[in-house]
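The values are calculated or read from the model by the stated rules, or taken from the named source; none is laboratory data. Computed from a prediction, not measured in an experiment: that's the story for all the values here. Because the Cβ atoms are built from the backbone with ideal geometry, glycine has one as well, and the counts that use them run over all protein chains shown.
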């Protein structure tokens with residue numbers, strides 16, 4: 001990509017104004033793609049900076065029970081990859097925050113990497129996170145995505161060695177997804193105190209923006225990230241709200257309003273947290 005990607009440009013703009021990025025995660029097709037489109041629009045109107053869209057998969061490797069359950073609900077409704085691309089493609093993505101696909105390599109491989117990359121770019125995605133991407137295929141996947149104007153966002157965990165981090169950084173763009181804890185996704189009351197040390201070490205290894213995920217759910221948790229991270233990612237806290245629709249006790253409009261309020265609060269906290277650290 002000769003010009004900065006939409007993801008890179010977003011982080012650069014936020015950094016220039018002393019703000020941290022907030023990126024919520026939602027599962028595509030839970031309970032249907034029409035609702036997914038409505039949630040995307042609600043999140044955009046609430047001031048989020050990027051949106052992560054999970055492609056449901058029957059055997060996720062790092063997702064906790066809340067997200068796993070949402071994947072199962074979507075798959076039970078026979079969601080297909082083409083349904084996701086079709087719905088996202090109908091949105092005016094140029095006016096939305098950058099959309100990032102969280103997708104298993106098995107899905108990309110089964111679709112065909114070239115075909116998947118082309119359709120993702122055509123639909124309006126800005127980048128992909130592929131948590132199970134084999135290391136020996138990362139360079140090829142990175143080059144393929146770059147040729148379609150897409151970022152490959154790589155993940156780094158607290159257990160990732162320096163040698164492996166170096167290899168990961170050689171095929172990473174957009175930002176670095178920093179896993180806050182060893183384990184699966186899910187809401188936690190506190191973030192590990194050693195997280196800041198981990199982020200400072202990563203900053204010495206790369207100029208890519210650092211965005212922290214796994215366990216973040218409350219505005220107060222962003223305090224630990226001040227001055228050390230450029231972004232915060234929230235998944236389970238929002239996905240859990242869809243459980244009420246699944247069991248028939250929830251109201252869609254009320255849920256959208258609740259998601260909007262939560263996203264606005266988290267966005268405000270992320271922006272303010274960075275400002276206070278400047």
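Overview of values
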{"item": "Options 83, 76; residue that is modelled with pLDDT under 95, surrounded by fewer than 24 Cβ atoms within 10 Å (Cβ to Cβ) and out of contact with any strand residue (DSSP E or B) (no Cβ under 8 Å at 6 or more places or on another chain)", "result": "76"}
{"item": "Failed condition for residue 261, given (1) assigned to a helix (DSSP H, G or I); (2) modelled with pLDDT of 95 or more; (3) within 24 Å of residue 56 (Cβ to Cβ)", "result": "(3)"}
{"item": "Complete set of residues in region 161-192 that are surrounded by fewer than 18 Cβ atoms within 10 Å (Cβ to Cβ), modelled with pLDDT of 90 or more and part of a loop (DSSP other than H, G, I, E, B)", "result": "161, 170"}
{"item": "Within region 104-129, considering residues that are farther than 14 Å from residue 144 by Cα and touching a helix residue (DSSP H, G or I) at 6+ places or on another chain (Cβ under 8 Å), the one surrounded by the most Cβ atoms within 10 Å (Cβ to Cβ)", "result": "125"}
{"item": "All positions within region 219-278 that are in contact (Cβ under 8 Å) with a residue 12 or more places away in the chain, surrounded by fewer than 17 Cβ atoms within 10 Å (Cβ to Cβ), under 13 Å from residue 20 (Cα atoms) and out of contact with any helix residue (DSSP H, G or I) (no Cβ under 6 Å at 6 or more places or on another chain)", "result": "223, 268, 275, 276, 277, 278"}
{"item": "Residues (part of a helix (DSSP H, G or I) and surrounded by 20 or more Cβ atoms within 10 Å (Cβ to Cβ)) located in region 1-32", "result": "6, 7, 8, 10, 11, 14"}
